[in-house]
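Data first, discussion second: the structure below is written as structure tokens.
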Amino acid sequence: MKANYGYMDGSGEYYITIDTDHCNNCSHHGCITGCPKGMFQVITDDYDDEVAEIKEEFRKKIKYDCADCKPTTDRPPLPCQAACTPGAITHSW
Ligand code: SF4
Ligand code: SF4
């Protein structure tokens, strides 16, 4: 399942999408330590699967929390995506 975390405002759409189908078989949960802001956590969902999610307190301000990882030029690979070797994480902006 693809789970979206974020919001839309006058300046654009700011969503992190996690394809949780990848998470249950992920042995390292690299997203937890890979994000310098500590935005990810892994929980057990209603189906007893381990899935990553964005912590509640970040969901309404991800544009600002992610800004350090997203310079307008010469943007390096995002740490969260580099850490998630299964490729579950995408960003809308
Ligand atoms: S590293 Fe990727 S696949 Fe693994 S738990 Fe985190 S988001 Fe899911
Ligand atoms: S872009 Fe940076 S701050 Fe935002 S989720 Fe990824 S690693 Fe964390």
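Of all residue pairs spaced 6 or more apart or on separate chains, those with beta-carbon atoms under 7 Å, a first member in the stretch 73-85 that is more than 17 Å from ASN25 (Cα to Cα) and outside any loop (DSSP other than H, G, I, E, B) and a second member that is at pLDDT 95 or above and away from ligand 1 (no atom under 11 Å from the Cβ) are PRO79/PRO36; PRO79/CYS69. Here ALA52 meets each of (1) assigned to a loop (DSSP other than H, G, I, E, B); (2) within 14 Å of ligand 2 (Cβ to nearest atom) with one exception, condition (1).
Within the stretch 64-79, identify whether any single residue is closer than 17 Å to LYS2 by Cβ, within 14 Å of ligand 2 (Cβ to nearest atom) and among the hydrophobic types (A, V, I, L, M, F, W, C), and answer yes or no. So far as the stretch 64-79 goes, no, none of its residues is closer than 17 Å to LYS2 by Cβ, within 14 Å of ligand 2 (Cβ to nearest atom) and among the hydrophobic types (A, V, I, L, M, F, W, C). Taken together, the residues in the stretch 56-79 that are modelled with pLDDT of 95 or more and either hydroxyl-bearing (Ser, Thr, Tyr) or in contact with a Phe, Trp or Tyr (Cβ under 7 Å, 6 or more places away or on another chain) (or both) amount to 6. Scanning the stretch 27-44 for residues that are within 7 Å of ligand 1 (Cβ to nearest atom) and either more than 26 Å from ALA67 (Cα to Cα) or part of a loop (DSSP other than H, G, I, E, B) (or both) yields HIS28, HIS29.
Would a scan of the stretch 19-26 turn up a residue that is under 15 Å from PRO86 (Cβ atoms), in contact (Cβ under 8 Å) with a residue 60 or more places away in the chain and assigned to a strand (DSSP E or B)? Yes: the stretch 19-26 contains one or more residues that are under 15 Å from PRO86 (Cβ atoms), in contact (Cβ under 8 Å) with a residue 60 or more places away in the chain and assigned to a strand (DSSP E or B).
The values are calculated or read from the model by the stated rules, or taken from the named source; none is laboratory data. Model, not experiment: these values are computed from the prediction. When we count neighbours, we look across all protein chains shown, and the Cβ atoms used for this are built from the backbone with ideal geometry, even at glycine.
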